[in-house]
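Working notes, beginning with the structure itself.
The values are calculated or read from the model by the stated rules, or taken from the named source; none is laboratory data. Remember, predicted model here, so these are calculated numbers, not experimental data. Cβ placement follows ideal geometry from the backbone for every residue including glycine, while neighbour counts extend to all protein chains displayed.
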Amino acid sequence: MSRDWNKAYAEEDTPWDKGYAAPPLMEFLERQRVNGRVLVPGCGTGHDVRALSAQGAEVLGLDIAPGALAKANAFPRAGQEFYELGDFLNLAAGHHSAYDWVFEHTCLCALAPGDRQAYIDAVKKALKPGGYYLAIFFREVDDYTGEEPPHPISSTESKALLSDDFALKESFVPQQTYPGRPIGAEEVSWYQINK
């Protein structure tokens, strides 16, 4: 782990937390309903969890930082959302084949690039047969040095990680972004697992 995530939440050193759900997720939800059971790994304070729950999904936010989950649980409920402390890369057996969707926003980019295959293996474990993986990939990161997250991932690498086990349903460059994040720095990709 490259950072003490719990310490970051305790000290409120969380520049990735903008205080509301990711605009690319909201753009996707305008086009497509997400329903059933949803897992959000690296959920932080749960803004994306609540956005998904508000439209009727049953959503579990998973995070390794107790401080993040304490903040998430302090928000009013939007629907059927729950939070759990856990390590997505070592996904507990009770989460295997349990979810219709896995939603990715800031978990993959927070991991060291060497952990990406383990991350995709965890996505595969979590999904039910025919389940969906929805990701907001960071394609470009300003002033990226390779040492600290967020770590961008190229289209070539994400396709290589996913092509054997997933079929791409849709991919687009979101036109809604957080302020200061240029259009084109992110890509929304919606996959279905081949199992």
- Over segment 11-51, the set of residues aliphatic (A, V, I, L, M), surrounded by 15 or more Cβ atoms within 10 Å (Cβ to Cβ) and either in a helix (DSSP H, G or I) or more than 12 Å from the chain's Cα centre (by Cα) (or both) is L25, L29, V34, V49, A51
- Filter segment 172-195 down to residues that are in contact with a helix residue (DSSP H, G or I) (Cβ under 9 Å, 6 or more places away or on another chain) and closer than 18 Å to I120 by Cα, then give me how many there are. 7
- Please list, ordered by first then second residue, the pairs with beta carbon atoms under 9 Å, 6 or more apart or interchain, first in segment 12-27 and among the aromatic types (F, W, Y), second crowded, with 17+ Cβ neighbours inside 10 Å and not in a helix (DSSP H, G or I). W16/G44; W16/T106; W16/P149
- Task: Evaluate the following for V188: is it assigned to a helix (DSSP H, G or I), modelled with pLDDT of 95 or more, surrounded by 19 or more Cβ atoms within 10 Å (Cβ to Cβ) and under 13 Å from the mean Cα position of the chain (by Cα)?
- Result: no
- Unmet requirement for K125, which otherwise passes all of (1) surrounded by fewer than 20 Cβ atoms within 10 Å (Cβ to Cβ); (2) touching a residue at least 40 places away in the same chain (Cβ under 8 Å): (2)
- When segment 10-39 is checked residue by residue, the ones that are out of contact with any strand residue (DSSP E or B) (no Cβ under 9 Å at 6 or more places or on another chain) and either hydrophobic (A, V, I, L, M, F, W, C) or closer than 27 Å to G94 by Cα (or both) are A10, W16, A21, M26, L29, R33
- Message: Among the residues of segment 142-165, are any assigned to a strand (DSSP E or B), closer than 15 Å to P41 by Cβ and in contact (Cβ under 8 Å) with a residue 12 or more places away in the chain?
- Response: no
- Test G94 against the criterion of being without any contact (Cβ under 8 Å) to a residue 40 or more places away in the chain and out of contact with any helix residue (DSSP H, G or I) (no Cβ under 9 Å at 6 or more places or on another chain), and give yes or no. yes
- Specify which of the listed residues (V188, V141) is in contact with a Pro (Cβ under 9 Å, 6 or more places away or on another chain) and within 15 Å of F28 (Cβ to Cβ). V188
- Task: Could you list, in sequence order, all residues of segment 101-140 that are polar (S, T, N, Q) and in a helix (DSSP H, G or I)?
- Result: Q117
- Between a first residue in segment 46-57 that is more than 16 Å from T14 (Cβ to Cβ) and a second residue that is part of a helix (DSSP H, G or I), which pairs have beta carbons less than 8 Å apart while being 6 or more apart in sequence or on different chains? A51/L25; A51/M26; A51/L29; L52/L25; L52/L29; Q55/L29
- Considering only residues of segment 71-114 that are closer than 19 Å to V188 by Cα and of a type in the set (F, W, Y), which is surrounded by the most Cβ atoms within 10 Å (Cβ to Cβ)? F103
- Message: Please determine whether any residue of segment 124-131 is of a type outside the set (S, T, Y), touching a Lys or Arg at 6+ places or on another chain (Cβ under 7 Å) and modelled with pLDDT of 95 or more.
- Response: yes
- Would you confirm whether any residue within segment 56-78 is modelled with pLDDT under 95, under 30 Å from P182 (Cβ atoms) and outside any helix (DSSP H, G or I)? no
